[in-house]
Amino acid sequence: MSKRYGQCALVLSGLLVILATVGCGSGGTANLRVLHAAPNEPQINTLIDGTTVNSNLAYSANTGYFSVSSGSRHLQVETVSSSAPIVDTTLTLADSSSTTVIVTGTATITPIVLTDAATAPTSGTAEIRLVDAAPSMGAADVYVVPTGTSIVGVPALVSGLTFQTASPYQNLTITAGTSANFDVYFTEPGTKLAEFATSGISITSGSALTVVSMNNLAGGFTLQTLTDLQ
C-alpha cells in the first residue's frame, strides 16, 4: 500500500466514524406519553419512526410514559379505522426528558406538545399545570382552591386559558409529607360563572400534575389528571 493510499484510507475511515456517530445520536432515552383528547376520533394507534408503540387507545385514556430514543423522533397518530395519520410531526426529545403529547381538536387535529417537570418542586409545595383541550369550552379562567373554599374574592390561578394551550406550572402550598384535596373551576373569562367544576382532586406535596379539560362524550366537560414526575 502506498503512503498516499494509506492516508486517504485513514481520512475516509475517520469520516465514516463521524457520520456513524451523528446518525446514531447520543444513545440516550426519553419518556413519551400520549393522551387521546380528540372527541370525534375513534380509538387511536401511536407510531414512533414508523413502528407502532401503542394500539387502540380510547378517548380520554393515555399511554402512560414509555421509553424512546432521545433526539429527533417521527411521531404519527392514526385512528384504528384508517392508516392516514391525524398527527404527523417530528419531536426533538432531550436525554432523560419527559414529554406529553395531547391529541386534540375536531375538524383539525392539533397536538399539544408539553415538556414535563423534571425535578420535584420546593418542599411544602406541589406544581399544577392546566391545559384546555375541550373544543366546546373556549377560553376560561381557572381557579384551584382547597376543597370547600369559595372562589368569590379569590384571584384566578390562570387567566384566559385558550383552547389547545397550556399554562406554566403553578405552585400550590401543601404541608410537606401530606396530601390535600382541591377543587378546580373553569369559568367564563373575567367572571365567576363556572363552565365546569370538579371537586376532591388529591394532590401530594412534592408532586407535579397536569390537569386537562376535555369534552365529555355524554355532554359537558371532564378532567383528566396526569402525574408528571418520574
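Every number here is computed from the coordinates shown, using simple stated rules; none is lab data. For clarity, every value in this text was computed on a predicted model and none was experimentally measured. Cβ: placed from backbone, ideal geometry, glycine included. Neighbour counts: every protein chain shown.
Observations on the model:
- Angle between the chain longest axis and helix 3-24 axis [Cα atoms, degrees, rounded to 10]: 20
- Pairwise label distance in nanometres, residue 216 with residue 66, each label 7 Å out on the Cα-Cβ vector: 3.1
- Between the range 74-124 and the range 141-170, the alpha-carbon centres lie 23 Å apart.
- Between the beta carbons of residue 192 and residue 171, assuming R0 = 22 Å, the FRET efficiency works out to 0.45 to the nearest 0.05.
- Estimated FRET transfer efficiency when R0 is 30 angstrom, pair residue 58-residue 84 (beta carbons, to 0.05): 0.90
- Listed residue (222, 157, 114) projecting farthest to the positive dipole end of the chain, Cβ model: 114
- In sequence order, the range 62-76 has phi-based couplings of 10, 6, x, 6, 10, 8, 9, 5, 6, x, 8, 10, 8, 9, 10 Hz under the Karplus curve 6.51 cos²θ - 1.76 cosθ + 1.60, θ = phi - 60°, and Gly or Pro positions carry x.
- Applying 1/(1 + (r/R0)^6) with r as the Cβ-Cβ distance of residue 74 and residue 43 and R0 = 22 angstrom yields a FRET efficiency of 0.55.
- Lys/Arg +1, Asp/Glu -1 at C-beta; the chain dipole; positive extreme among 66, 29, 137: 29
- Charging the Cβ of each Asp and Glu at -1 and of each Lys and Arg at +1, and nothing else, the dipole of the chain about its Cα centre rounds to 740 debye.
- Difference of contour (0.36 nm per residue) and Cα-Cα distance, residue 136 to residue 154: 3.9 nm
- Relative contact order for the chain, counting Cα pairs under 8 Å that sit 6 or more residues apart, in percent: 17
- Neighbourhood charge, 11 Å Cβ-Cβ cut-off, centred on residue 160 and excluding it, Lys, Arg +1 and Asp, Glu -1: -3
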